[in-house]
Amino acid sequence: MIYTPIKQAITPGSYVAVRLPTNCSCSAFSLWSEDGASYSISSLSDGSDAITVPNGFPLSVDQSLGKKIPGAIICYARGTTSTNLVGIITR
């Protein structure tokens, strides 16, 4: 099955929700910045538990998300540049 790619515009401003595409489920996904710039991700919308991922490095996460929550939030992200955080569902 081919899923809709994950894509969310991010900026150096505030954290934004990165969501699983509607009607998709997964048990793993990968994220990276489209321009190769560093970005921060957090499980909280205020970024208080954020980690910085250097140089747009691909981040692979094993996390089961189902179709019961359309557009389930994967994480919150903020860029070091204005770019897109992109990804694919890997399982």
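General observations
- Other residues within the sphere of radius under 13 Å centred on the Cβ of residue 56, judged by their own Cβ, net out at -2 (K and R +1, D and E -1).
- Label-to-label distance, nm, for residues given as residue 35 and residue 48 (7 Å Cα→Cβ offset): 3.1
- Overall form of the stretch 6-89 per C-alpha gyration tensor (a/c, 1.5; a/b vs b/c): prolate
- Whole-number percent relative contact order across the stretch 6-89, with pairs defined as alpha carbons under 8 Å at least 6 apart: 50
- Pair residue 7, residue 22: separation of 7 Å Cα→Cβ label points (nm): 1.6
FYI, it's all coordinate maths here, none of it is from the lab. Source: prediction; values computed, not measured. Positions of Cβ are generated from backbone atoms using ideal geometry, with glycine treated the same way; all protein chains shown enter the neighbour counts.
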